[in-house]
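Visitor: Pasting a structure here, questions to come.
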Amino acid sequence: MSGDADIIDIVLACKNVVGITNVEVFDAKYATPGGIGTLTATDPAVTKFVKPSISITGTAEVSNLDPSAAYRVSVSDLLFATGVVQFALRIEDGFFADSQINVLSDWVEVSDSGDWVLDGKHWTKAFELGKPNGTGASWRGDILEVVFDCEDARGSTMVEVIDAVASTPAITDMPLVVTGNAATEFSYFSKYDVNRDTVVSSADLAAAMFFFAKHNIDVDWAEFVAFEKSALESLSVSAERCDVNDDSVVDIQDCILISINIE
């Protein structure tokens, strides 16, 4: 008599395990009335253990002249097709005035967690996002975009993911490892400081005069040219930046505005 059949079912609890391992059969024998024989072990079961994770990336440098800072929350190695991810974002007080939030891919907002809440020196907002129509055994990618209006921000801050867990129909509140937070530097420049050296000076006027009569239809309108500040440092300026009155041309009006704002 011969044949193939499953003879035992083993379920291992693998909490907090990361990496790849083999589950192997060895020292296998069988016994019959005629004696004892050896069983040949075939290929082992290879299992990869992953740690579901979450991270946030975003704009590294922001100034008051372009004050939007965009960030994306991503997840990796979520081993479910259908489930819920819960987390909160945290940012220091004084670094944003307003925010726009977009749920990405085929994720949906499960519940409205309300507005940002000031807790001491930080603003926090909780999120609960679901993936009701997912496919596949593992999911990774961007799930949320947040754009902050940071017009009055100064200095540097960190936008953080906190309290992140995932739940499925079979498992609840599985912790997600935070693998990255977003650091952003906020700078303030006068519009007339076209070389961005933090002071409006004759060097800014000289740059505007260099680009005099340039129009926004010119192919090099947005290209940067390096101007020497010292023997060790040069600063880059474009014609577009020298158009301080935003009329699509660098002309005498721009030069006048820069000159009357020289410190």
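The values are calculated or read from the model by the stated rules, or taken from the named source; none is laboratory data. Predicted model only: the values in this text are computed from it and were never measured. Note that each Cβ is placed from the backbone with ideal geometry, even for glycine, and that neighbours are counted across all protein chains shown.
Visitor: When SER105 is evaluated against the numbered criteria (1) closer than 22 Å to THR172 by Cβ; (2) small (Gly, Ala, Ser); (3) in contact with an Asp or Glu (Cβ under 7 Å, 6 or more places away or on another chain), which criterion, by number, is the only one it fails?
Guide: Here SER105 clears every test but (1).
Visitor: Looking at the stretch 70-107 only, could you name the residues that are under 22 Å from GLY120 (Cβ atoms) and of a type in the set (A, V, I, L, M)?
Guide: ALA88, LEU89, ILE91, ALA97
Visitor: Which one is modelled with the highest pLDDT among residues in the stretch 211-263 that are farther than 14 Å from VAL194 by Cα and of a type in the set (Ser, Thr, Tyr)?
Guide: Among those that are farther than 14 Å from VAL194 by Cα and of a type in the set (Ser, Thr, Tyr), it is SER248.
Visitor: I need the full set of residues from the stretch 158-176 which are at pLDDT 90 or above and more than 16 Å from SER53 (Cβ to Cβ), in order please.
Guide: Listed by number, the residues that qualify are MET158, VAL159.
Visitor: Identify the residue in the stretch 218-241 that is touching a residue at least 12 places away in the same chain (Cβ under 8 Å) and over 32 Å from the mean Cα position of the chain (by Cα) and, among all such residues, is farthest from ASP66 (Cα to Cα).
Guide: Residues of the stretch 218-241 touching a residue at least 12 places away in the same chain (Cβ under 8 Å): 218, 220-225, 227, 229, 235-241.
Subsequent filtering for residues that are over 32 Å from the mean Cα position of the chain (by Cα) retains 218, 227, 229.
Numbers: ASP218: 23, PHE227: 22, LYS229: 24 Å.
Checked the stretch 218-241; the qualifying residue farthest from ASP66 (Cα to Cα) is LYS229.
Visitor: Right, another one. Does any residue of the stretch 123-132 turn out to be of a type in the set (Ser, Thr, Tyr) and without any contact (Cβ under 8 Å) to a residue 60 or more places away in the chain?
Guide: Yes.
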